[in-house]
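Notes follow once the structure below has been shown.
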Amino acid sequence: METIIITVGASSDYFGAYAENCDGIYGAGETPNAAIQNALEGLRLFVNSRDKKDLPAMLQGDYEIVYRYDMQSLLKYYCNMFNCDALERLTGINQKLLHHYSSGLKKPREAQRKKIEKALHRLGEELLAVEL
């Protein structure tokens with residue numbers, strides 16, 4: 001089974017999504033989810049508008065889709081959901097540095113990126129365990 005990697009990125013006024021490893025798959029929207037949905041619609045149109053033999057090899061059989069966010073788009077989106085103080089408590093990274101990452105002024109080192117990723121996964125696991 002092939003894996004299509006869709007990366008979500010941010011600009012000053014919208015979010016974009018594209019397939020890293022399959023040319024011709026793009027999307028945009030006001031939120032990361034809207035950009036992803038637009039890219040998936042683009043993928044559907046791409047596959048349905050061509051003969052199977054004309055498709056890239058990875059689209060001719062079964063494939064799965066994996067989503068990746070660049071740090072700027074992820075933090076830009078979540079800074080609208082959580083204030084920077086909450087993200088600082090969650091990640092252990094100071095607010096000023098988080099703001100620099102979300103605005104694109106700085107790019108996090110691999111260790112910082114992993115720290116943020118791990119903190120968000122931990123939050124997700126906690127929320128999945130909630131019962132109401």
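The values are calculated or read from the model by the stated rules, or taken from the named source; none is laboratory data. Worth saying up front: this structure is predicted, and the values here are computed from it rather than measured. All Cβ positions, even for glycine, are placed from backbone atoms using ideal geometry, and neighbour counts span all protein chains on display. Protein only, heavy atoms only, side chains kept; ligands, DNA and RNA dropped before computing areas. Shrake-Rupley method; radii C 1.70, N 1.55, O 1.52, S 1.80 Å.
Here are some notes:
- Surface per residue (accessible, 1.4 Å probe) for the chain, Å²: 65
- Dipole magnitude of the chain about its Cα centre (Cβ charges: Lys, Arg +1; Asp, Glu -1), debye to nearest 20: 560
- Ligands, DNA and RNA left out, the accessible area of the chain computed with a 1.4 Å probe is 50% carbon and sulfur.
- The longest part of the chain holding none of the exposed loop trypsin sites (Lys or Arg not before Pro), meaning those outside H, G, I, E and B in DSSP with at most 13 other Cβ atoms within 10 Å, is 51-108.
- Taking a Cβ cut-off of under 13 Å around Arg113, the surrounding Lys, Arg, Asp and Glu residues balance to a net charge of +4, with basic ones at +1 and acidic ones at -1.
- A Gaussian network model of the chain, with springs between Cα atoms under 10 Å, assigns the largest mean-square fluctuation among Gly24, Gly61, Gly92 to Gly61.
- Additional length obtainable on full extension of the chain from Glu41 to Arg68, 0.36 nm per residue less Cα span: 8.0 nm
- Taking the square roots of five times each eigenvalue of the Cα gyration tensor of the chain, the equivalent ellipsoid has semi-axes of 32, 17, 13 Å, listed largest first.
- Paramagnetic reach from Ser11 (point 7 Å along Cα→Cβ, amide N under 14 Å) across region 98-117: none
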